[in-house]
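Enquirer: I have a structure I would like to understand better, so I am pasting it below and will then ask my questions one at a time.
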Amino acid sequence: MANPAHVSRVRTLYKRILLLHRFMPIDLRALGDQYVKDEFRRHKTASPDEVKYFMREWENYKDTVQTQVLETAGGWVKKMEFGAELTEEKLKLFQDDQVGQLYELMRESTKPNRQFDIQEDGPQK
């Protein structure tokens, strides 16, 4: 049985990330939400070492997105941008399947007609 404190920490991080995604454009939100859900589900049975690294990286992601959201909301930046550069050093730590996932994510997030063609709710014209 998993440690209740750990489960609570994972659940809190997961919910916070999904909450932060609400500030993203709808198509990136859908893509990000699906990716987060898949990754957290995929790591339910990870080893303790993998879990440490997983949690650290997702905490860093949450902190980055949170900072970007706050900067945008506060008016410190004019254009809303999300994400961060991935260093070559970090990329070398990825396993082959992770590099493949990253490539697919990059392709999906940069193509003009994204898979997630979602419309915002709004008044009917």
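Enquirer: Which of Val51, Val36, Val99 moves most in a GNM of the chain, Cα contacts under 10 Å?
Expert: Largest GNM mean-square fluctuation: Val99.
Enquirer: Relative to the longest principal Cα axis of the chain, at what angle does helix 4-21 sit, 0 to 90 degrees, rounded to 10?
Expert: Helix 4-21 sits at roughly 20 degrees to that axis.
Enquirer: Within the stretch 17-37, which residues have the backbone N less than 13 Å from the label spot 7 Å out from Leu70 along Cα→beta-carbon, could you tell me?
Expert: Under 13 Å, as judged by backbone N against the label point of Leu70, lies no residue of the stretch 17-37.
Enquirer: Continuing with the same structure: How far is helix 26-42 tilted, in degrees, relative to the longest principal axis of the Cα atoms in the chain, given as a value from 0 to 90 rounded to the nearest 10?
Expert: For 26-42 against the chain, the angle is about 10 degrees.
Enquirer: Report the extension gain between Thr45 and Glu89 in nm, rounded to one decimal, defined as 0.36 nm multiplied by the number of residues separating them, less their alpha carbon distance.
Expert: Extending this stretch completely gives an extra 13.2 nm.
Enquirer: Quick one: net charge of Leu86's neighbours, Cβ under 14 Å, K/R +1, D/E -1?
Expert: -2
Enquirer: In debye to the nearest 20, how big a dipole does the chain give about its Cα centre with +1 on each Lys and Arg Cβ and -1 on each Asp and Glu Cβ?
Expert: Magnitude of the dipole: close to 480 debye.
Enquirer: Same structure again: Given a 10 angstrom Cα cut-off, can you work out which residue in Leu86, Leu31, Leu19 is the most mobile in a GNM of the chain?
Expert: Among Leu86, Leu31, Leu19, the largest mean-square fluctuation in the Gaussian network model of the chain belongs to Leu86.
Enquirer: So what is the accessible area of the chain per residue, in Å², with the probe set to 1.4 Å?
Expert: For the chain, the solvent-accessible area averages 79 Å² per residue.
Enquirer: Determine the relative contact order of the chain: mean sequence separation of Cα pairs under 8 Å and six or more apart, normalised by residue count, in whole percent.
Expert: Relative contact order comes out at 31 percent.
Enquirer: Counting only helical runs of four or more DSSP H residues, what would the 222 nm mean residue ellipticity of the chain come to if each run contributes -39,500 (n - 2.57) and the total is spread over all its residues?
Expert: Computed ellipticity for the chain at 222 nm equals -21500 deg cm²/dmol.
The values are calculated or read from the model by the stated rules, or taken from the named source; none is laboratory data. Remember, it's a predicted structure, so these values are computed and weren't measured experimentally. We place every Cβ from the backbone using ideal geometry, glycine too, and count neighbours over all the protein chains shown. Ligands, DNA and RNA are stripped out before the accessible areas are found, and what is left, the full protein with its side chains, is counted by its heavy atoms. Shrake-Rupley method; radii C 1.70, N 1.55, O 1.52, S 1.80 Å.
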